[in-house]
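Read through the structure below, which is laid out as structure tokens, and then see the notes.
The values are calculated or read from the model by the stated rules, or taken from the named source; none is laboratory data. Source: prediction; values computed, not measured. FYI the Cβ positions are ideal-geometry reconstructions off the backbone, even for glycines, and counts take in every protein chain you see.
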Amino acid sequence: MLPALRTPRPPRALALATGLAALLAPLVGGCAPAPVGTATVDVVPRAEVGYYPTTPGLRWIYLPEDAPLDAPRVRMEIEGPTVLDDEVVTAWHLEGRGLDVRSYRRHGEDGTFLLREERPGTVVTFDPPIREWPATPLRVGLTWSGDTEATVTFPDADAAERTATFDVQWTSTVVDEREVVVPAGRIPVFVVNFVSRTFDDAGAITETLRQEVWFAPQYGEVRTENGFFLVEANLARP
């Protein structure tokens, strides 16, 4: 779940950027489709993963709503441990349909935190990290929130245009628990709403982003914040 920020337009770094919401949300219609294959792996029993799955090698395959099942797919995979700024974190990789996003998360007893996202030509760092999932199991009415400073870096831009920083407030709320039907099947989920607000130097709201995620315990995201729906996973289905 990612905050919305309005960013500058470095002429050589990212001329099409109209805001961090555009940078962080998949532009499926504006990207050249790239099919993603699926490797044959053993199905991991749900009992072997945590309430919020974080095991390296887990993989989820998604499609946009109403897309045919043979359409190019999006794959999310947990790559495994890596070092980021002298801290051991977990790398996740989202690819397909023109997307290539590597995310770095900290998983611990206090929850799951998003530290950084890297796309071609753009790096976004959150300080403090965004708490994507709490330490406790989900229940309807549960809410968690925070503030972060988001730093957007365009590594290939001129020095004066290379970095922009924004203040963001965000809130996640579990609004429902229900059974949904997606290409992967009929699955019980929690519905989580995510809202972020970006502020300018005067404290005025410059952008608001609202997203919705469907999450199945010990299984993962059945609907992502970008509106992708689960087709298959290498986890046993609930």
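Below is a table of values for the structure above.
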| item | result |
| --- | --- |
| Close pairs (8 angstrom Cβ cut-off, 6 or more residues apart or separate chains): β-branched (Val, Ile, Thr) in the range 107-118, outside any strand (DSSP E or B) anywhere | THR112/TYR52; THR112/THR54 |
| Lone qualifier among VAL152, VAL168, VAL181, VAL175 - being out of contact with any helix residue (DSSP H, G or I) (no Cβ under 7 Å at 6 or more places or on another chain), under 24 Å from TRP92 (Cβ atoms) and assigned to a strand (DSSP E or B) | VAL168 |
| Residue selected from the range 184-238 under the condition β-branched (Val, Ile, Thr), modelled with pLDDT of 95 or more and part of a strand (DSSP E or B), by the criterion farthest from the chain's Cα centre (by Cα) | ILE187 |
| Any chance VAL140 is within 20 Å of the chain's Cα centre (by Cα) and either hydrophobic (A, V, I, L, M, F, W, C) or at pLDDT below 95 (or both) | no |
| When residues of the range 138-149 are limited to those that are part of a strand (DSSP E or B) and of a type in the set (Gly, Ala, Ser), the one farthest from PHE215 (Cα to Cα) | GLY146 |
